[in-house]
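Comments concern the structure below.
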Amino acid sequence: MRILIVPLLALMLSGCLARTAIDVVSLPVHAVGKGVDWATTSQAESDRNRGRMMRKEEARIREEERKEARKQRKFERERARDD
């Protein structure tokens, strides 16, 4: 019985050890890849950020236009009262 178990364990462990060796060797490559991914901005992220900035700028401009229109209406009402 022991004669069958020892070779069977050796075969099972060799696959496990080979997989572990591959994981250990490829770990630095994956780590560097993650670091580069975190350090750089993808085109999709850049597009999303640019779109967000444009929407904020447009909202700011609309608000300024509304304020200016309110001032203009107020000025016109006061001018009409004075006449």
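Numbers at a glance
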item	result
Positions within the stretch 26-78 being under 15 Å from the mean Cα position of the chain (by Cα) and aliphatic (A, V, I, L, M), in sequence order	36, 39, 44
Residue within the stretch 60-78 that is at pLDDT 80 or above, aliphatic (A, V, I, L, M) and surrounded by 10 or more Cβ atoms within 10 Å (Cβ to Cβ) present	yes
Condition met for residue 82 (surrounded by fewer than 10 Cβ atoms within 10 Å (Cβ to Cβ) and of a type in the set (Asp, Glu))	yes
Filtered residues of the stretch 67-83 (kept if in a helix (DSSP H, G or I) and not basic (Lys, Arg))	68, 69, 72, 75, 76, 78, 80, 82
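Condition check ((1) polar (S, T, N, Q); (2) modelled with pLDDT under 80; (3) surrounded by 10 or more Cβ atoms within 10 Å (Cβ to Cβ); (4) assigned to a helix (DSSP H, G or I)) across all residues:
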| position | (1), (2), (3), (4) |
| --- | --- |
| 4 | no, yes, no, yes |
| 19 | no, yes, yes, yes |
| 30 | no, yes, yes, yes |
| 35 | no, no, yes, yes |
| 44 | no, no, no, yes |
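The values are calculated or read from the model by the stated rules, or taken from the named source; none is laboratory data. On a predicted model such as this, the values are computed, not experimentally measured, just so you know. Neighbour counts are summed over all protein chains in view; Cβ atoms, including those assigned to glycine, are modelled from backbone coordinates with ideal geometry.
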